[in-house]
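Heads up: the structure comes next, in structure tokens.
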Amino acid sequence: MIAFISWRVLQAIPVLLAVVTATFFLVHAAPGGPFDSERQLSPQVEQQLKAHYHLDQPLSRQYVAYLGALLQGDLGPSFRYPGRRINDILLQGLPKTIELASYALLFALLCGIGAGLIAARRPNSAQDRITMAAAMIGICMPSFLLGPLLVLVFGIYLDWLPVTGWGQLPGDKILPTITLGAAYTAYIARLCRAGLLEVMNADFIRTARAKGISEQAVLRRHALRGALLPVAAFLGPAIAGLLSGSFIVETVFQIPGIGRFYIQGAFNRDYTLVMGMTIFFATLLVLLNLLADILSAWLDPRIRMEYRQ
Amino acid sequence: MALLTLQELNIDFPDKNVVRDVSLELDHGTTLGIIGESGSGKSLSGLACLGLLPPTARASGSICFNGEELIGMPAARLRRLRGCHIAMVFQDAGTALTPWSSIGTQLIEPLCDHLGLRRSEAKRRAVAMLEEVRLPDPKSALSRYPHEFSGGQRQRILLAIALAAEPELLIADEPTTALDVTVQAQILELLATLQRERGLALLFISHDLAVINQIAEQAVVMDAGQVVERGSVRSLFHTPRHPSTRTLMRSIADRSTARTAQHTDDSAHQPTVLSVSGLSAGYPKPRNGKRVLHGIDLQLRRSEIVALVGESGSGKSTLARVLLQLIPARTGELQLLGEALVAPHAGSHRRQRARVQMIFQDPYASLNPRLCIAETLAEPIRFHGLANTEKELAVRVAELLEAVELDPNIGSRYPHAFSGGQRQRIAIARALATEPELLIADEPVSALDVSTQCAILALLTKIVHDRQMAMLLISHDLDMVRGMAQRTAVIYRGELVEQADTRVLFASPRHEHTRQLLAASPSLPAPL
Amino acid sequence: MKLCWPRPSALWRDAGRRFLRDEPATYSLLLLLAITLAVIVGPWLSPYGYASQNLQIGASAPSIAHWFGTDPLGRDLLTRLLYGGRISLAVGLLATAVALVIGVSWGILAAYFGGRIDALMMRIVDALYALPFMVVIILLTVSFGRSMLLLFLAIGCLEWLSMARIVRAQVLSLREREFVQAAACIGLGRGAVMLRHVLPNTLGSITVYATLSVPNVMLLEAFLSFLGLGVQAPHSSWGVLISQGVEYIEIYPWLLLFPGVTLSLVLLALNVLGDSLRDALDPAHGGT
């Protein structure tokens, strides 16, 4: 297991380096500088600005400097919020985004696995069909549609829950969590159902039944992991999707997380902000993927063996 | 009173009846074999005794175990019986163990659930069980996972699990079919020992009469869902009464009777088709000082069938692939009718490929599902320019189908419309399309029912003789080899350890491994 | 007897039969065809232009003149919806096509070459997989500006990853099948074996995956347009319309209702269709 983990960590390093490099050069290859905006700056001012941000140096020097700072955990200064570091902006928004994504993931896992198991217990029964129809609708209901609809129903017509903010009013975390988690709940329910149905046809389930253990025990000890494996494999893409999805939910519910900063950075062409956040997101995702892989390997001992080949 | 009594057992699926009026009895401490071809309902009958039929199947009639009726028994009571009194082992030991649980967990589970043992007690018992099934190093095995064991070891573990709670009845459904002969012999011996020592009643289900003969005195024959005949294995084999038993037994006997005897003598004067000398192949660098194949010397003459016998992993398939020029030889010489064979990469060697053709084991995977039969057969003809016009092509395709005794008008149909035996015939026709000098048949009938096997073997013999080809028959089935091949070569760990005239080799094997194989190979019932 | 490329085989015919027995899938197909037709023909038949404003009526509820109502600038919502549908569907189809071309060739080449090249190619896919999709697209729009063409390419270029994995896995498993080895025994070159025996047998899963990737792509486009990073005014797409609808959700609910329902219905139909195709082409359901 330890060998497996170190092997996966070693794999992640070139990926991260490639991401940093690609991001850096992509942003710097972009036509137009960060300072050509509506307001025309005088050449002197622009020159000063460039010197201040070291933009007058050759690209290779800038790259090395950026990498060096990055290794010390410094994402550099923001072009658009003078005097602020990207690190500060991240730190300010990050807790909210992480919290939102975690709640949504938890919601999706609990409801999704539950619904998937309920559906798979009696394939083609009413409970199966209803659950799967709901899951299908969940997949086809984008968050930017579901969010406003939930706001309309629970926030405005029924007036049960607050419709903006995060952590200011009691219950204001419920709607964003559901909005972000709904589609993933649906995906996980479908994966879990398909996984369980496949496992239940396996030979080893017959062996387990032949032992005479209760159907509950067959399900819990022998089948459940088979249903969870596809879910574990989906965790990586799900987390990536949740982070991207948080951009929408933060916009709809006006939550000051990093997603909103990122979008604003994109509109303002705040290059260092976009670059820093891309690198940050990629790193986060690579690490979370690593965790998801380790989880899969823990669930299925065969995966632990595979890497040796 | 009998331990297990089946009376007029019927098993129905919504659309058809699969088991009809099956009655049989099994006493304490005795063994009964059930023999039948695939689809005869033998496995379902076994499953019914544990109440493990698929949910769409419905059983009616009576299954009486120790005086208790199993059909209609409440699920909880049935479960208790399954754990403590009736156990079952299945065919494919590779998939029959939960891949993500350790052996210990799987073994301890029934002990804790049914006998109410504490974990430490159950663990001791589990180790003792693993010792009893002679698994090496039973203590450390508890914490290992199924994929870390070989097929034979997994079958032992399954036996340990089945017998852990000391059942009175064990149902074994083809428990050795997927194993090598020597491993099969060990498992059968183990089963017999356990049965004797524990006074188990054993219901042994198999398609292989020789295997049943090894373990049971008495057997029933099932055909199309019915028990057609019962009696001692010997009398069933030598004096079958029911017509379908008679057909089955004749097929079984036919497999090993010398169908090649009449050709044996003249092949000695025939020219050599294939000559292999000093061949080695495999990994670029020898692993553990060994390559997959080394020092292979082999000759095949025209109209000759030479069998290549060996266990899994012995290098049989690698040798086939080298002869097909799919992988290169590392050292040594390969000659086909006196011309050196080179692994072809350029077009000039295409013709050489055509001269060696292959027949594969699995008839379901050996035809492209998206090509109709005519297209499948036409491809090699066209590729090698063996027909000048479309009309000539059509004629040749029809000839090929006739040569394998199929209706020449089936060309427009697709593989999924055919049975296993028919597909194997089509695959043979494709191999013949390039008019090869050497045919390689890799377990050509092991995926087929016995009666189909005989027909395919007869066809192959006829083709080799009529077309004056040479055939290398790769198999683990000594019984079949004895009937088919003039000469037999034994391969063991990448080396040909012995080759001789088949009759000589079977009568007086020289190499230790050959002797092991022969001793392990289950034999048909001795004459009455 | 015709001896050239395989005709639609019995497998496909059976799949078609199974598919037609599946009612939800048939209705989905009809719905998709109807919407596609409406989107193509509709804007020409409509008496209103998609950008023509009528500030006098402003936002009006659905009526006989304006079936789906108008937005605050007095633009006919139905016309805008149909026009936006062109863009949404076009993005969906074009980006899927881009993904298909890149993914299939990548997967095939990786499987064809094998060894180190395969390992390298698949490591690249793994690495790209680990990137946050949305973040990359936003990065691209920042670097190269917001244009529709870029949107097609960017989405397509990122959507191909799963395609490449699926195709490679299929090719690798098919290559072990006996009929492919038999073709090699005949003497066919590797390319010919690939074209005649391997590729035709991957078409089923490629079809299924392509069908399921169209709704993904459309969702992505709507997502970006909703954030204001996708399709730009005066053009519209369903994502743009939904984003406008959300602004007026309390006072003019029809502005969200119609685009929202349309988008969801199309996504639903495409997903149902993809699932049904998967079931129909699955050999476990019959055929072999």
Check your understanding: Any idea how far apart A:I156 and B:A417 come out in nm if each label point goes 7 Å out from Cα toward Cβ?
Key -> 6.3 nm
Point to revise | Accessible surface, the range A:87-268, averaged per residue in Å² (probe 1.4 Å) | key: 39 Å²
Review point. How much accessible area per residue does the range B:411-528 have, in Å², with a 1.4 Å probe?
Key: 34 Å²
Revision key, fill the gap. Test assert for the range C:111-143: residues whose accessible surface shrinks by at least 40 Å² between chain alone and all chains, 1.4 Å probe, equal C:A130, C:L131, C:P132, C:V135, C:I138, C:L139, C:V142, C:S143
Exercise for review: Indicate the residues belonging to the range B:103-130 that lose 10 Å² or more of solvent-accessible heavy-atom surface (probe 1.4 Å) upon moving from the chain alone to the assembly of all protein chains, ignoring ligands and nucleic acids.
Suggested key: B:Q106, B:E109, B:P110, B:D113, B:H114
Review point. Considering only B:Y145, B:L179, B:L158, whose Cα is most displaced toward the positive end of the charge dipole of the range B:123-181, charges sitting on Cβ of Lys, Arg (+1) and Asp, Glu (-1)?
Key: B:Y145
Practice item. Taking chain A as the reference, fit the longest principal axis to its C-alpha atoms, fit the long axis of helix A:126-140 to the helix C-alpha atoms, and give the angle between the two in degrees, 0 to 90, nearest 10. Key: 10 degrees
Review point. So if we plug the beta-carbon distance of C:V41 and A:T164 into 1/(1 + (r/R0)^6) with R0 = 51 Å, what FRET efficiency do we get, rounded to 0.05?
Key: 0.75
**Study point:** Kirkwood Rh and Cα Rg combined as Rg/Rh, chain B
**Key:** 1.01
Practice item. At a temperature of 10 °C and a viscosity of 1.306 mPa s, determine how fast the range C:171-288 diffuses translationally according to Stokes-Einstein, using the Kirkwood radius over alpha-carbon pairs as Rh; express D in µm²/s, rounded to the nearest whole number. Key: 90 µm²/s
Study note, to complete from the structure: In vacuo Debye sum over C-alpha of chain A, base-10 log of normalised intensity I(q)/I(0) at q = 0.11, 0.12 Å⁻¹, listed in q order, is -0.84, -0.95
Review point. Which whole-angstrom value gives the distance between the alpha carbon centres of the range A:256-286 and the range B:360-424?
Key: 61 Å
**Study point:** Loop sites in the range B:377-420: GluC sites (Glu not before Pro), DSSP, at most 15 other Cβ within 10 Å
**Key:** B:E405
**Study point:** Stretchable slack from A:I2 to A:A29, in nm (0.36 nm times residue separation minus alpha-carbon distance)
**Key:** 5.6 nm
Point to revise | Scattering curve values for chain C, log₁₀ I(q)/I(0), Debye with Cα scatterers, q = 0.13 Å⁻¹ | key: -0.97
**Study point:** Point-charge dipole on Cβ atoms (K/R +1, D/E -1) for the range A:209-299, about Cα centre, debye to 20
**Key:** 480 debye
Review point. Once you wrap a convex hull around the alpha carbon atoms of the protein assembly as shown, what is its projected area averaged over all directions, in nm²?
Key: 53.2 nm²
Review point. Rounded to the nearest 500 deg cm²/dmol, what is the calculated helix-only ellipticity per residue at 222 nm for chain A, with -39500 (n - 2.57) per DSSP H run of length n ≥ 4?
Key: -24000 deg cm²/dmol
Practice item. Could you pull out the longest piece of chain A with no exposed loop trypsin sites (Lys or Arg not before Pro) in it, calling a site exposed if DSSP puts it outside H, G, I, E, B and it has at most 14 other Cβ atoms within 10 Å? Key: A:85-307
Check your understanding: Using the Kirkwood formula over every pair of different C-alpha atoms, what hydrodynamic radius in Å results for the range B:188-236?
Key -> 11.7 Å
Study note, to complete from the structure: Dividing the mean separation of Cα pairs under 8 Å (6+ apart) by the residue count of chain B yields a relative contact order in percent of 16 percent
Practice item. List nothing, just return the count: lysine pairs in the protein assembly as shown, 8 or more apart or interchain, with Cα separation under 21 Å. Key: 8
**Study point:** Average beta carbon contacts from partner chains per residue of A:145-152, 10 Å cutoff
**Key:** 5
Check your understanding: Per residue of A:260-266, what is the mean number of Cβ atoms on other protein chains within 10 angstrom of that residue's Cβ?
Key -> 3
Exercise for review: Sort C:103-109, C:194-200 for me by packing, meaning the mean count of neighbouring Cβ atoms within 10 Å per residue, highest on top.
Suggested key: C:103-109, C:194-200
Practice item. Tell me which residues come under 5 Å, amide H to amide H, from C:G58 once H is placed; ignore anything under 5 positions away on its chain. Key: C:G74
Check your understanding: Which of the peptides B:44-55, B:151-162 is most tightly packed, and how do the rest follow, going by the mean number of other Cβ atoms within 10 Å of each residue?
Key -> B:151-162, B:44-55
Exercise for review: Treat each spin label as a single point 7 Å out from the Cα along the C-beta direction, and report the B:E131 to B:K16 distance in nm.
Suggested key: 5.0 nm
Practice item. Note the buried accessible area between C and A here, summed over both chains, with a 1.4 Å probe, in Å² to the nearest 100. Key: 3300 Å²
Exercise for review: Partner chain Cβ atoms within 10 Å, averaged over the residues of B:87-99 - can you pull that number for me?
Suggested key: 5
Point to revise | Lys, Arg +1 and Asp, Glu -1 on Cβ, resulting dipole of the protein assembly as shown about Cα centre, debye, nearest 20 | key: 1220 debye
**Study point:** Protein-protein interface of the range B:410-432, residues with accessible area decrease of at least 20 Å², isolated chain reference, 1.4 Å probe
**Key:** B:Y414, B:H416, B:R430
Revision key, fill the gap. Taking Cα atoms only, helix B:390-403 is inclined relative to the longest principal axis of chain B by an angle, in degrees rounded to 10, of 50 degrees
Check your understanding: With a 1.4 Å probe, how much accessible area is buried between chains C and B, both sides summed, in Å² to the nearest hundred?
Key -> 2900 Å²
Practice item. Quantify, in whole percent, the carbon and sulfur part of the accessible surface of the range A:181-309 (1.4 Å probe; protein heavy atoms only). Key: 59 percent
Point to revise | Relative contact order %, the range C:62-219, counting alpha carbon pairs below 8 Å whose residues are six or more apart | key: 31 percent
Point to revise | Summed side-chain charge close to C:T96 - residues other than C:T96 whose Cβ falls under 15 Å, Lys, Arg +1, Asp, Glu -1 | key: -2
**Study point:** Net charge, B:P138 excluded, C-beta distance under 12 Å - Lys, Arg +1, Asp, Glu -1
**Key:** +4
Review point. What angle do you read, to the nearest 10 degrees and between 0 and 90, between the alpha-carbon axis of helix A:174-200 and the longest principal axis of chain A?
Key: 40 degrees
Study note, to complete from the structure: In whole percent, the Cα-Cα distances of the range A:87-268 spread across 10 Å bins from 0 upward as 10, 31, 29, 18, 9, 3, 0
Review point. To the nearest 100 Å², how much accessible surface do chains A and B hide from each other in total, with a 1.4 Å probe?
Key: 2200 Å²
**Study point:** Theoretical ellipticity at 222 nm over chain B - DSSP helices of four or more residues, -39500 (n - 2.57) apiece, nearest 500
**Key:** -11500 deg cm²/dmol
**Study point:** Net charge contributed by nearby residues that have their C-beta within less than 11 Å of B:Q153 (K/R +1, D/E -1)
**Key:** +2
Review point. Which whole-number percent is the relative contact order of the range A:87-268 (Cα, under 8 Å, 6+ apart)?
Key: 34 percent
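The values are calculated or read from the model by the stated rules, or taken from the named source; none is laboratory data. Worth saying up front: this structure is predicted, and the values here are computed from it rather than measured. A quick note on method: Cβ atoms are made from the backbone with ideal geometry, for glycine too, and the neighbour counts reach across all protein chains shown. All accessible areas refer to the heavy atoms of the entire protein, side chains included, with ligands and DNA or RNA removed. Shrake-Rupley method; radii C 1.70, N 1.55, O 1.52, S 1.80 Å.
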